[in-house]
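See below for the structure under consideration.
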């Protein structure tokens, strides 16, 4: 298992009032993403536990793209990865932040 | 004195040699290997059908039992290397030379036997190419075919699985060849005659009905949200944009998703009657909801599909149907239809490079070409215009030149990564390495980049028609290559500029929210749903039934 | 898009455990116990280089269904096959014991079963959990709690999950659901493919699947494969459950002995259905849910209180 951690500064706080959300399932080709609104407004942390080693650069790129797209300020995001493809990871992150933005 | 009738005489000799095994034209199953040893000669060109779906499996087993001292150095000229017995012929030294088109189930065995030196490869062809060569320089001496039934005169009925046979048999029968058929049964009167008896020399009733692989069935339950997203973009960004009425779908989950979105997503866009009306397509069960919802005018098919017989019989307005009520397919005619009479081909692939060349070849797998290169190619010989063809042609040039050509839309739809985290977008195709290893004259390319007009990935659509330089083309492809290494190496500024010029369009540019791509959009979400849509006329094969 | 997955017509079979809980219960009524943010995970999986889940594949909590308070547990069949393990098992056992011990908690427990049995990597803990759960269900039933199994997920209810299901007061099953103890592959490996071909899906479903279970008395109601389908089924079953007493147990023993006598010589499900007096047993397989449910409601062996 490999653990990765990324810290980003976000432009602004993610809108919405939901304090936490979870999306996805830990299964082959899938992942589970837990989002918790517990950090200061312009901070975002993404922590990943994955059984596939050596994909650090790819995770970095996916997370960076997600942060730029969604500005998830204030969110601590924790991922249990079942070996998902990067586009699936990106999709789940976007789905997760959409859930958090719900009133 | 020159002998100008030697072929007829040689044929008469072979038939005479086979006569001791027959009553009329009928051969007993136990005598079949002996018959083949009598009528086939060493070095013969032999077509052992070997179609995409139906297999002359009993004749294959009998031929594989032949004595290599009697039958050797045969030259196999058939479209499909499908059964283990097809490979056995080479392992045993019965066959030596090979010209073929498609090897799906044996795609791992082919490199192995090539390496072992037991196969002398002529070439890998497309279907139409191989059929075409039957009439020029690869005419079979013997054709081993397969049909549902025969009558005593040797007339054959093939039903929906007519496939390659008429082309194979015509070439063989009219050039001094011998035709042997395996059938499920002999009857008094056939439902219809697919092959006239005077082209057929021997008939054997096989102990078991011939095997047909269900190749065109895709379980809607396996379609992912990302495939649905790409399908939505294809429908809105290409089908609607160009007004695609006449089309061909390659088989795959991406195209299955498109078929299942027609009655729902495309209906909401007001596209019924405006797109997807006339098809060159195998009987995909996933098109059933669209057919039932009134989207489809007609379909011509390359082959058939297991479980679809009764449905097609009940929908004879849609499918090409004999007077007997059962469907009739033709690989040759449908390939021509797909090549010349459609305005769009869309299919999936394993690898795409920065020029848009695509290939399904990997280091340990040679699957051949099948029909995709001819479906996915601009038809330069085409002359009749249509709106989509002219529109695409205009996009490919600047200004209004005096001499213009239209362009067929050739669309590659891929997910940037395959299931096993293997990137679809690569700098260099594996095919090039394979060509080196096996000393091939040509690296096997399924679809050449200069025929490709659009590439669709989950990240967006790249319109290659609008690209004017190699660099624009490269960045357009990188711009939709997602998080692959190829995609991460994009020139961000250039990609933004291409997006402004609509060479790259993202889902949002098409008014699509990726989060709306949901399985609930599929008109059918399971094989059972498809069955219900068909009024229970579709009879799914056992391996797809989970109820 | 989560709304689409939990709407009334959304498929139960294709849903996740969380989506089923949301789709089953009244809107906004669910409170989770030991939710993912508490990170009560498997202490063992990392030793095998396997990813763990924040909830170890079981969602537990309370809510209401049609206004009635219920406790609910849902197994996630897609995570490690929904298997019983140290944490996932403990959550189920803890929930049922809580219902047993605290009469101020809801008196109805809904078990959304979706499990292939015990997690091999945590085998001992898993086996113990199954035993503890069956005992807890018996005790809870004794204390007047209704424990209702809903079976319709992708992993089915096999092994310990099959046993657990059979211990419940009432059982709802859909066409896609399967209930058994030994899995098809296990039977094939041990007895050969002629005895049972695990690849033959039609055979597997006709034997272990919802329709057969409903007809021979192994399930009390047949649910459509949708959120609404299981809501309707759960509502119907919640109202009245068999008394957990000696009389019921004796009736069950009799019922099972009768079942063995009736069907013992049968080779396949179709022969069993013929014995039940069904005129066209071959038509059962492709019969739609409504028609089938109505037919099953008329079969004597299928409708009983002997559970």
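Please state the shape class of the stretch B:312-448: rounded when a/c is under 1.5, otherwise prolate if a/b exceeds b/c and oblate if not, all from the C-alpha gyration tensor.
Working: a/c = 2.08, a/b = 1.23, b/c = 1.69.
Oblate.
Given only helices, namely DSSP H runs of n ≥ 4 each adding -39500 (n - 2.57), what is the per-residue ellipticity at 222 nm of chain A, to the nearest 500 deg cm²/dmol?
Helix contribution divided over all residues of chain A: -10000 deg cm²/dmol.
Using only Cα atoms and rounding to the nearest 10 degrees, what angle (0 to 90) does helix B:6-19 make with the longest principal axis of chain B?
Helix B:6-19 sits at roughly 70 degrees to that axis.
Cα centroids of the stretch B:215-244 and the stretch C:225-280: how far apart, whole angstrom?
43 Å
Quick one: compute the contact order of chain B, relative version, from alpha carbon pairs under 8 angstrom and 6+ residues apart, as a percent.
Details: 1207 pairs, mean separation 74.7, N = 547.
In percent, rounded to a whole number, it is 14.
Residue C:235 versus residue B:313, label points 7 Å from Cα toward the beta carbon: distance in nm?
If labels sit at residue C:235 and residue B:313, their model points lie 4.3 nm apart.
Given the -39500 (n - 2.57) contribution per DSSP H run of 4+ residues, what per-residue ellipticity at 222 nm results for chain B, rounded to the nearest 500 deg cm²/dmol?
Working: 19 runs with 152 residues, N = 547.
Value at 222 nm, helices only, nearest 500: -7500 deg cm²/dmol.
Find how much the distance from residue B:390 to residue B:293 grows on full extension, using 0.36 nm per residue of separation minus their present alpha carbon separation; answer in nm with one decimal.
Gain on extension, residue B:390 to residue B:293, equals 32.0 nm.
Considering only DSSP beta bridges whose two residues both sit in the stretch B:272-410, what percent are antiparallel, to the nearest 5? Could you put the intermediate results ahead of the total?
Numbers: 4 of 11 bridges.
Roughly 35 percent of the DSSP beta bridges within the stretch B:272-410 come out antiparallel.
Counting only other chains, and only Cβ atoms inside 10 Å, what mean value do you get across the residues of B:379-388? Before the final figure, lay out each step's value.
On the way: counts 0, 0, 0, 0, 0, 0, 0, 0, 0, 0.
The shielding value for this peptide is 0.
Taking the beta-carbon count within 10 Å as an exposure proxy, list A:69, B:506, B:478, A:92 from fewest neighbours to most. Display every interim value, and only then the final one.
On the way: A:69 12, B:506 16, B:478 25, A:92 22.
Lowest to highest Cβ neighbour count: A:69, B:506, A:92, B:478.
Calculated FRET efficiency, residue B:470 and residue A:17, Cβ-Cβ r, R0 41 Å, to nearest 0.05?
Working: r = 51 Å, r/R0 = 1.24.
Approximately 0.20, to the nearest 0.05.
Average partner chain C-beta neighbours within 10 Å, per residue of B:540-546? Spell out each step's value before the answer.
Working: counts 3, 2, 6, 4, 2, 9, 10.
Across B:540-546, the average partner-chain Cβ count within 10 Å equals 5.
Given labels modelled 7 Å from the Cα in the Cβ direction, how far is it in nm from residue B:437 to residue B:364?
Label-label distance for residue B:437 and residue B:364, simple model: 1.0 nm.
What does the structure give for C:8-14 when I average, per residue, the other chain Cβ atoms found within 10 Å of the residue Cβ? Could the numbers behind the result be given before it?
Working: counts 0, 1, 4, 6, 0, 5, 4.
Rounded to a whole number, the mean comes out at 3.
Per DSSP helix of 4 or more residues, -39500 (n - 2.57); summed, then divided by the residues of chain C. What does that give at 222 nm, rounded to the nearest 500?
For chain C, the value works out to -12000 deg cm²/dmol.
How much length, in nm to one decimal, is gained on full extension between residue B:189 and residue B:67, taken as 0.36 nm per residue of separation minus their Cα-Cα distance?
Working: separation 122, 0.36 × 122 = 43.92 nm, distance 3.67 nm.
Here the answer is 40.2 nm.
Distance between Cα centroids, the stretch C:110-140 to the stretch B:372-389: provide it in whole Å.
62 Å
Let's test the formula: R0 of 56 Å, r as the Cβ-Cβ distance of residue C:287 and residue B:137. What FRET efficiency results, to the nearest 0.05? Walk me through the intermediate numbers first.
Details: r = 57 Å, r/R0 = 1.02.
Efficiency, rounded to the nearest 0.05: 0.45.
If you line up the long axis of helix A:86-101 against the longest principal axis of chain A, both from Cα atoms, how many degrees apart are they, to the nearest 10?
Approximately 20 degrees, to the nearest ten.
Round to the nearest 10 and give me the degree value, 0 to 90, for the angle of helix B:331-340's Cα axis relative to the longest principal axis of chain B.
For B:331-340 against chain B, the angle is about 30 degrees.
If I take R0 = 35 Å and measure r between the Cβ atoms of residue A:60 and residue C:256 in this structure, what FRET efficiency does the formula 1/(1 + (r/R0)^6) give, to the nearest 0.05? The partial results should precede the final answer.
Working: r = 60 Å, r/R0 = 1.70.
That gives a FRET efficiency of 0.05.
Using per-residue counts of other Cβ atoms within 10 Å, averaged over each peptide, order C:226-232, C:243-249, B:257-263 from highest down. Please report the intermediate quantities before stating the final value.
Values: C:226-232: 21.0, C:243-249: 13.4, B:257-263: 26.9.
Most protected by this proxy first, the peptides run B:257-263, C:226-232, C:243-249.
Express the relative contact order of the stretch B:317-431 as a whole percentage, based on alpha carbon pairs under 8 Å and six or more residues apart in sequence. Intermediate values should be presented prior to the final figure.
Working: 138 pairs, mean separation 38.8, N = 115.
Reported as a whole number, the value is 34 percent.
At 7 Å along Cα-to-Cβ for each site, give me the label-to-label distance between residue B:16 and residue A:4 in nm.
Between residue B:16 and residue A:4, the label points sit 7.7 nm apart.
Fewest first, what order do B:148, B:112 take by the number of other Cβ atoms within 10 Å?
Working: B:148 22, B:112 15.
Least to most surrounded, the residues fall as B:112, B:148.
Please report how far the C-alpha centroid of the stretch B:1-78 lies from that of the stretch C:36-89, rounded to the nearest whole angstrom.
The stretch B:1-78 and the stretch C:36-89 have Cα centres spaced 64 Å from each other.
Grab the Cα-Cα distance for residue B:4 and residue B:508, subtract it from 0.36 nm times how many residues apart they are, and report the gain in nm with one decimal. Kindly include the intermediate steps, with their values, before the conclusion.
Working: separation 504, 0.36 × 504 = 181.44 nm, distance 7.02 nm.
Extra length available between residue B:4 and residue B:508 comes to 174.4 nm.
How would the protein assembly as shown be classified by its alpha-carbon gyration tensor: rounded, prolate or oblate, with rounded meaning a/c under 1.5 and the a/b versus b/c comparison settling the rest? Walk me through the numbers before you get to the answer.
Values: a/c = 2.12, a/b = 1.35, b/c = 1.57.
Oblate, since a/c reaches 1.5 and b/c is not below a/b.
Taking the mean number of other Cβ atoms within 10 Å as a proxy for protection, how do you rank A:71-79, B:309-317, B:393-401 from highest to lowest?
Values: A:71-79: 22.4, B:309-317: 17.6, B:393-401: 12.3.
Highest to lowest by the protection proxy: A:71-79, B:309-317, B:393-401.
Determine, for C:12, B:533, the number of other Cβ atoms within 10 Å of each Cβ, and report the residues in order from fewest to most. Numbers along the way, then the final one.
Values: C:12 27, B:533 22.
Result, fewest neighbours first: B:533, C:12.
Antiparallel as a % of all DSSP beta bridges within chain B, to the nearest 5?
On the way: 20 of 67 bridges.
If I count the DSSP bridges inside chain B, around 30 percent turn out antiparallel.
Let me have the relative contact order for chain A, percent, based on Cα pairs under 8 Å that are six or more residues apart. The partial results should precede the final answer.
Working: 239 pairs, mean separation 44.1, N = 103.
In percent, rounded to a whole number, it is 43.
For the stretch A:2-101, give me the percentage of DSSP beta bridges that are antiparallel, rounded to the nearest 5 percent.
On the way: 20 of 26 bridges.
Approximately 75 percent, going by the DSSP bridge assignments.
Any read-out appearing in this document is the output of simple, stated calculations on the displayed coordinates, not a laboratory observation. Everything quoted here is computed from the prediction, not taken from an experiment. Heads up, the Cβs are rebuilt from the backbone with ideal geometry, glycines too, and the neighbour counts pull from every protein chain shown.
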